[in-house]
Amino acid sequence: MRRGRASTCPVVSPGPERWIASVIGALLLVLLAPPARAASAPQPCAAGHVRLTFDDGPHPTATPRILDTLADRGAEATFFVTGEMTTARPDLVRRASQEGHRIGNHSWSHPELITLDRTQVASQLRRTNQAIELATGNAPSEWRPPYGATNDLVQAAARDVGLDTMVLWTVDPRDWADPPATTIRDRVLQGVRPGSIVLLHDATGQNTPAALPMILDGLAARGYCTR
Ligand SMILES: [Zn+2]
């Protein structure tokens with residue numbers, strides 16, 4: 001027996017009551033503490049909304065990737081499609097519409113509309129309206145002229161076919177020229193303001209699908225929502 005050792009070298013050993021009290025105390029501290037708020041996470045939409053727009057599609061591989069990313073992040077966008085591309089892949093335009101995105105008219109074959117006469121412009125836009133309506137069940141009301149090239153005659157022709165709202169853009173990261181995805185992201189994030197309209201391309205921007213998750217992360221970190 002070595003009982004004497006306990007008295008010469010005492011070990012403070014908390015009894016079960018003290019242990020339980022410590023756990024309860026720790027729990028109370030956690031429950032009563034104010035919620036931690038990271039300085040880098042503003043309230044959703046605190047900075048306002050921006051519109052993301054994707055032109056020239058739908059594209060067989062890029063558009064599904066973009067739609068998957070938008071769905072993952074709960075983000076909304078507008079697709080300005082051409083009639084030619086819509087006729088080739090109406091299923092992708094239907095999917096975009098069904099997933100809550102807006103579909104706009106971007107002409108039939110992407111000509112510079114200001115070089116055409118009024119009948120030709122109306123034909124470009126009317127045929128595309130029909131292709132979109134066939135794919136989605138709804139004719140669009142928004143449209144965007146290729147290259148942003150427009151004049152009074154073009155706009156009159158658009159009104160003739162029921163396209164009431166021309167949508168241009170305020171931020172152009174030139175993604176169609178295939179800069180790195182990080183450059184596309186930086187150009188968008190440096191350019192956005194509340195109410196910005198961002199021009200992107202699903203059919204002609206090779207690095208746009210890779211840039212999109214980074215763009216959405218950056219917008220969220222700055223308190224922007226998309227619509
Ligand atoms: Zn275009």
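Rule-based calculations on the coordinates, nothing more; no lab input. Given the structure is predicted, the values throughout are model-derived calculations rather than measurements. Positions of Cβ are generated from backbone atoms using ideal geometry, with glycine treated the same way; all protein chains shown enter the neighbour counts.
With r defined as the distance between the Cβ atoms of ARG159 and ALA46 and R0 fixed at 35 Å, what FRET efficiency is calculated, to the nearest 0.05?
The pair ARG159/ALA46 has a calculated efficiency of 0.40.
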Relative to a virtual label point 7 Å from the Cα of ASP117 in the Cα→beta-carbon direction, which members of the range 145-162 show backbone nitrogen distances below 19 Å?
151-161
Going by average Cβ density within 10 Å per residue, which order do the peptides 121-128, 105-112, 77-84 take, highest to lowest?
77-84, 121-128, 105-112
Rounded to the nearest 20 debye, what is the charge dipole size of the range 32-158 about its Cα centre when +1 sits on each Lys and Arg Cβ and -1 on each Asp and Glu Cβ?
260
Mind running the shape call on the range 48-226? Use the C-alpha gyration tensor, a ≥ b ≥ c as the square roots of the eigenvalues: rounded below 1.5 for a/c, prolate if a/b tops b/c, oblate otherwise.
prolate
Separation between the GLN130 and GLU76 pseudo-spin-labels, each 7 Å from Cα along Cα→Cβ, expressed in nm?
3.1
Once label points are set 7 Å from the Cα along Cα→Cβ at both ARG222 and ASN151, what is their separation, rounded to one decimal in nm?
3.6
